[in-house]
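Q: What follows is a single structure, and I will ask about it in a moment.
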Amino acid sequence: MSSQLISSSPTITEIPTPKLHSRSHTLSQRTQIPLHVYKHPAAILLELSTSIKEVYQILPHIIKSNLYTEHLFQTKLLSLFCNHGCIAEAARVFEPIQDKPEVLYYTLLKGYAKYSSLHEALLFFVRMKADNVKPVVYNFTYLLKVCGDKGELRRGKEIHGQLIKNGFSSNVFAMTGVVNVYAKCRQIEEAYKMFDRMPERDLVSWNTIISGFAQNGLAKLALGLVVKMQEEGQRPDSVTLVSILPSVADMGLVKIGRSIHGYVLRAGFEGLVNVNTALVDMYSKCRYIGIGRLVFDGMKRRTMVSWNSMIDGYVRSGYAEEAMAIFEKMLDEGVEPTDVTIMGAARACADLGDLDRGMFVHKLSDKLKLGTNVSVMNSLISMYSKCKRVDLAVDIFKKLRGKTLVSWNAMILGFAQNGRVNDALNYFYEMNSRNMRPDTFTMVSVIPALAELSVTRQAKWIHGFCIRSCLDDDIFVMTALVDMYAKCGAIHTARKLFDRMNERHVTTWNAMIDGYGTHGLGKAALELFNEMQKGVMKPNDVTFLSVLSACSHAGMVEEGLSYFTSMKRDYGIEPGMDHYGAMVDLLGRAGRLNEAWNFIRKMPIEPGINVYGAMLGACKIHKNVDLGEKAANKLFALNPDEGGYHVLLANIYATASMWGEVAKVRTTMKKKGLQKTPGCSVVELRNEVHSFYSGTTNHPQSKRIYAFLEELGNKIKAAGYAPDTSSIHDVEDDVKEQLNSTHSERLAIAFGLLNTSQGTPIHIRKNLRVCGDCHTATKYISLVTGREIIVRDMQRFHHFKNGTCSCGDYW
């Protein structure tokens with residue numbers, strides 16, 4: 001730009017105001033612009049200017065040269081200010097102009113519609129009418145677009161009325177704008193009425209109504225309109241395809257998606273970045289992520305949306321590592337991420353449990369100044385929670401301004417996922433105290449947290465809360481309630497809720513089948529599974545895992561073997577590591593240890609910790625030293641820091657009186673600093689949770705509890721109980737017996753018996769598997785006290801009553 005034109009930039013108010021003239025003044029004089037004005041350097045520079053900064057640099061020269069009264073400069077300045085969104089400056093240019101041509105009104109109205117508020121645009125429209133300026137069709141299309149974008153249905157209807165009044169009801173451009181307003185204001189039926197009444201429809205009209213149906217969740221009808229437009233002689237263009245592909249993705253219609261892809265190639269649209277991006281998104285959402293990646297790799301140019309679609313597609317499809325690879329490739333190519341990118345990367349890190357890369361994503365979000373973006377912060381809260389750093393999630397939550405329901409939900413779920421049940425409940429209570437109305441996601445986060453407490457009273461309270469919140473008809477909330485009651489020991493209540501449900505998801509069936517299985521009701525679990533097979537709902541991998549576990553807990557070996565075969569043969573479901581672990585558990589519990597070991601050796605995938613863990617547990621039950629050693633050595637290699645496996649092996653040696661081997665295991669544990677997870681049992685009484693650890697005396701009622709246990713021990717011995725101390729050595733027999741009698745579940749049971757009235761069931765929850773001696777002792781305790789005792793250990797429920805257990809001594 002010429003240096004002579006560059007000076008300090010004045011404000012637009014410094015332009016002198018010329019004498020005003022009426023609009024009736026002839027324009028012929030104004031159109032006769034002198035040649036020197038056209039060729040003036042300022043006119044040329046204005047024509048070439050590309051930014052508002054350059055306009056301000058030229059402005060002083062225009063003022064000094066007395067060119068501000070020339071129509072050419074006034075019109076050009078007004079247009080430039082409007083195009084750059086400087087509406088106040090444009091208005092200051094507009095007002096002094098003599099005999100304003102109608103085109104200037106139209107230009108300024110467009111500026112108001114695009115860059116100012118709808119209110120300001122409508123005021124200027126009224127001003128136009130007052131100045132006897134007759135509106136043209138695109139005046140209405142500008143205003144209608146704003147109404148659609150803002151969701152202003154009432155104003156949209158008013159403009160529609162004005163449009164009809166001015167004779168544009170048959171104009172294709174105007175009526176397309178009307179269709180757009182109704183569609184964006186979620187009045188899709190009214191939109192279609194307007195569309196159907198149009199005497200002629202162009203491609204833009206068709207695209208508008210198709211997009212309207214798609215954006216209102218009517219994917220099938222949107223696809224039908226694409227067929228209809230072709231029947232009426234209109235060929236879909238790139239806009240049509242970009243509008244319809246999300247509908248194809250939502251319906252999972254990959255065959256139609258492939259047909260559209262073929263049309264893209266035939267029509268020559270394969271070079272359009274927006275079409276390719278829509279194809280990537282469609283294939284990803286239809287679980288054809290490989291084809292989506294091929295389309296992505298074939299793109300010569302990519303937008304930020306392209307990168308985001310690929311990252312999101314990998315995350316959705318369960319390929320978090322690949323999502324991070326795309327994210328890192330994007331950064332390497334110098335593409336600056338957006339908030340959507342950060343959220344996708346955070347989700348990938350969450351799925352991987354990768355704290356280091358998650359913290360990098362967090363730092364990058366700070367660098368991009370996204371700290372006030374609530375959606376980004378919510379994704380980071382979820383990421384830190386899944387990476388087991390809920391403390392960092394809390395830090396973000398506390399600093400976050402403008403917390404949304406999603407923020408609270410993410411925090412509640414984070415606490416629940418990390419075993420901080422009380423914190424989850426406290427945040428739920430606080431959220432309610434702030435008049436934040438919970439939704440379905442809130443309830444399906446907090447209900448499982450309550451299920452972990454296994455307290456029936458609180459289960460009933462949250463159920464009542466769901467009813468009062470009108471969420472008791474929601475399929476996901478009801479499924480969570482079914483699962484919760486089952487985990488609280490109220491399996492019959494769970495079945496009642498299940499039977500009352502009008503609609504059931506596959507997860508509903510899975511919850512009920514799994515509930516029966518953990519309660520040892522294998523026959524009921526299989527009956528329910530057979531009922532499921534007769535209906536329209538198809539079982540999934542989780543269903544079969546629940547069925548296999550139910551067979552294992554109930555000793556139904558042949559049934560379990562049959563279902564394992566059926567899983568792949570009849571349903572095409574490839575067994576995963578958990579299924580193989582369940583099969584080893586099934587065979588091992590039944591004493592078929594050699595068969596279980598051969599099953600492991602023939603596995604098509606490398607056996608994991610849960611497979612060898614099931615084998616080691618079975619060897620402990622059936623006292624098989626040889627296979628127990630083999631399974632334990634595999635576990636030591638896979639997870640050398642877990643002390644529980646060493647303890648199990650030591651117990652197997654102790655049962656076989658191999659005390660030298662027991663000493664070796666204990667020495668190894670000591671050298672490595674390994675410890676067994678301490679047994680902990682909890683019981684709830686009058687809104688307070690009481691925790692007990694084996695042999696501890698820190699409870700306020702410890703003296704009463706230990707005295708009562710000694711008295712109770714004498715009674716159950718008199719009834720036939722004989723202590724099993726085979727896994728304990730190096731101490732006297734009476735000490736062995738005392739060690740067993742003070743296991744955490746016995747302390748919790750004694751506390752419950754002392755503090756509840758006759759006839760009240762005792763509910764105990766233990767973090768480890770109930771040992772054999774405590775299982776036997778509890779049966780006798782239920783017999784001599786006449787009380788029902790329900791114990792939920794890490795694997796299943798035991799209902800003790802009248803000297804028997806619901807597991808049938810098979811667990």
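Q: Search segment 163-178 for residues being polar (S, T, N, Q) and buried (at least 16 other Cβ atoms within 10 Å of the Cβ), and hand back the single one that is farthest from Lys129 (Cα to Cα). Before you say what the answer is, go through the steps one by one.
A: First pass over segment 163-178, keeping only residues polar (S, T, N, Q): 166, 169-171, 176.
Keeping just the survivors that are buried (at least 16 other Cβ atoms within 10 Å of the Cβ) gives 166, 169, 171, 176.
On the way: Asn166: 12, Ser169: 19, Asn171: 21, Thr176: 23 Å.
Among residues in segment 163-178 that are polar (S, T, N, Q) and buried (at least 16 other Cβ atoms within 10 Å of the Cβ), the one farthest from Lys129 (Cα to Cα) is Thr176.
Q: Here's something else I'd like to know. Would you check if Tyr314 is open to solvent by less than 50 Å² (accessible area, probe 1.4 Å) and closer than 24 Å to Val406 by Cα? First the steps, then the outcome.
A: Values: open to solvent by less than 50 Å² (accessible area, probe 1.4 Å): yes; closer than 24 Å to Val406 by Cα: yes.
Yes, satisfied.
Conditions tested, residue by residue: (1) under 21 Å from Val477 (Cα atoms); (2) touching a Leu at 6+ places or on another chain (Cβ under 7 Å); (3) open to solvent by less than 80 Å² (accessible area, probe 1.4 Å).
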| site | (1), (2), (3) |
| --- | --- |
| Leu380 | no, no, yes |
| Lys386 | no, no, no |
| Val390 | no, no, yes |
| Asn426 | yes, no, no |
| Tyr429 | yes, no, no |
| Arg437 | yes, no, no |
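Q: Among the candidates Gly233, Gly271, single out the residue that is of a type outside the set (Ser, Thr, Tyr), open to solvent by 50 Å² or more (accessible area, probe 1.4 Å), touching a residue at least 24 places away in the same chain (Cβ under 8 Å) and not in a helix (DSSP H, G or I). Step through it out loud before you land on a result.
A: Values: Gly233 fails: touching a residue at least 24 places away in the same chain (Cβ under 8 Å).
Going through Gly233, Gly271 in turn, the sole match is Gly271.
Q: Could you tell me which residue of segment 201-229 is most open to solvent (accessible area, probe 1.4 Å), considering only residues that are over 26 Å from the mean Cα position of the chain (by Cα) and farther than 19 Å from Thr176 by Cβ?
A: Looking at residues that are over 26 Å from the mean Cα position of the chain (by Cα) and farther than 19 Å from Thr176 by Cβ, I get Val227.
Q: For segment 332-343, what are the residues that are touching a residue at least 12 places away in the same chain (Cβ under 8 Å), more than 19 Å from Val273 (Cα to Cα) and open to solvent by 10 Å² or more (accessible area, probe 1.4 Å)? It would help to see each step written out before you state the result.
A: Of the residues in segment 332-343, the ones touching a residue at least 12 places away in the same chain (Cβ under 8 Å) are 335-343.
Subsequent filtering for residues that are more than 19 Å from Val273 (Cα to Cα) retains 339, 342-343.
Hits for segment 332-343 are Asp339, Met343.
Q: Being under 22 Å from Glu574 (Cβ atoms) and not in a helix (DSSP H, G or I) is the filter here; which residues of segment 521-549 pass it?
A: Met537, Lys538, Pro539, Asn540
Q: Report, by residue number, each residue of segment 551-598 that is among the hydrophobic types (A, V, I, L, M, F, W, C) and in contact (Cβ under 8 Å) with a residue 40 or more places away in the chain. Break it down into steps so the answer makes sense when it comes.
A: Keep residues of segment 551-598 that are among the hydrophobic types (A, V, I, L, M, F, W, C), which gives 551, 554, 556-557, 561, 564, 567, 573, 577, 582-584, 586-587, 590, 593, 596-597.
The one that is among the hydrophobic types (A, V, I, L, M, F, W, C) and in contact (Cβ under 8 Å) with a residue 40 or more places away in the chain: Ala554.
Q: Taking segment 96-133 only, how many residues are outside any helix (DSSP H, G or I) and not aliphatic (A, V, I, L, M)?
A: First, pick out the residues of segment 96-133 that are outside any helix (DSSP H, G or I): 96-101, 116-117, 131-133.
Keeping just the survivors that are not aliphatic (A, V, I, L, M) gives 96, 98-101, 116-117, 131-132.
Selection size over segment 96-133: 9.
Q: Here's something else I'd like to know. Looking for something of a type in the set (Gly, Ala, Ser), at pLDDT below 95, touching a helix residue (DSSP H, G or I) at 6+ places or on another chain (Cβ under 9 Å) and assigned to a helix (DSSP H, G or I) - is there at least one such residue anywhere in segment 689-704?
A: Of all residues in segment 689-704, those of a type in the set (Gly, Ala, Ser) come to 691, 694-695, 702.
Restricting the remaining residues to those that are at pLDDT below 95 gives 691, 694-695, 702.
Add one more test, that the residue is touching a helix residue (DSSP H, G or I) at 6+ places or on another chain (Cβ under 9 Å), and what stays is 691, 694-695, 702.
Right, trim to assigned to a helix (DSSP H, G or I) and you get 702.
There is at least one residue in segment 689-704 that is of a type in the set (Gly, Ala, Ser), at pLDDT below 95, touching a helix residue (DSSP H, G or I) at 6+ places or on another chain (Cβ under 9 Å) and assigned to a helix (DSSP H, G or I).
Q: Continuing with this model, one more query. Take segment 505-520 and flag every residue that is in contact with a Gly (Cβ under 9 Å, 6 or more places away or on another chain), part of a loop (DSSP other than H, G, I, E, B) and open to solvent by 10 Å² or more (accessible area, probe 1.4 Å).
A: Gly520
Q: Are any residues in segment 622-643 small (Gly, Ala, Ser) and open to solvent by 20 Å² or more (accessible area, probe 1.4 Å), and if so, which ones?
A: Answer for segment 622-643, where residues must be small (Gly, Ala, Ser) and open to solvent by 20 Å² or more (accessible area, probe 1.4 Å): just Ala637.
Q: Just a yes or no: is a residue in segment 613-621 part of a helix (DSSP H, G or I) and open to solvent by 50 Å² or more (accessible area, probe 1.4 Å)? Step through it out loud before you land on a result.
A: The initial filter retains those residues of segment 613-621 that are part of a helix (DSSP H, G or I), namely 613-621.
Next, from what is left, pick out any that are open to solvent by 50 Å² or more (accessible area, probe 1.4 Å): 620-621.
Yes, segment 613-621 contains a residue that is part of a helix (DSSP H, G or I) and open to solvent by 50 Å² or more (accessible area, probe 1.4 Å).
Q: Under 26 Å from Gln458 (Cα atoms), open to solvent by 10 Å² or more (accessible area, probe 1.4 Å) and of a type in the set (D, E, K, R) - does that describe any residue in segment 359-367?
A: no
Q: OK, next. For segment 191-200, what are the residues that are surrounded by fewer than 21 Cβ atoms within 10 Å (Cβ to Cβ) and either under 34 Å from the mean Cα position of the chain (by Cα) or of a type in the set (Ser, Thr, Tyr) (or both)?
A: Tyr192
Q: Right, another one. Name the single residue that is nearest to Thr760 (Cα to Cα) among those in segment 679-688 being part of a strand (DSSP E or B) and among the charged types (D, E, K, R).
A: The initial filter retains those residues of segment 679-688 that are part of a strand (DSSP E or B), namely 680-685, 688.
Next, only the ones that are among the charged types (D, E, K, R) stay: 684, 688.
Details: Glu684: 13, Glu688: 17 Å.
Per the criteria, the residue is Glu684.
Q: Looking at segment 392-424, which of its residues are basic (Lys, Arg) and within 25 Å of Thr479 (Cβ to Cβ)?
A: Taking segment 392-424 and keeping what is basic (Lys, Arg), we get 398-399, 401, 403, 420.
Once the filter is applied, which keeps residues that are basic (Lys, Arg) and within 25 Å of Thr479 (Cβ to Cβ), segment 392-424 yields only Arg420.
Q: What residue, of Ala459, Ala410, is part of a helix (DSSP H, G or I), farther than 23 Å from Ser375 by Cα and touching a residue at least 12 places away in the same chain (Cβ under 8 Å)? Outline the logic, then answer.
A: Values: Ala410 fails: farther than 23 Å from Ser375 by Cα.
None of the others qualify; the one that does is Ala459.
Q: Further question: Only residues that are under 17 Å from Thr456 (Cβ atoms) and either assigned to a strand (DSSP E or B) or open to solvent by less than 30 Å² (accessible area, probe 1.4 Å) (or both): list them for segment 775-811, please.
A: Arg787, Ile789, Ile790, Val791, Arg792, Phe797, His798, His799, Phe800, Lys801
The values are calculated or read from the model by the stated rules, or taken from the named source; none is laboratory data. Values in this document were obtained by computation on a predicted structure and should not be read as measured data. Ideal geometry is used to build each Cβ from the backbone, glycine not excepted, and the neighbour counts take in all protein chains shown. Just the protein is used for accessible areas: all its heavy atoms, side chains included, with ligands, DNA and RNA removed. Shrake-Rupley method; radii C 1.70, N 1.55, O 1.52, S 1.80 Å.
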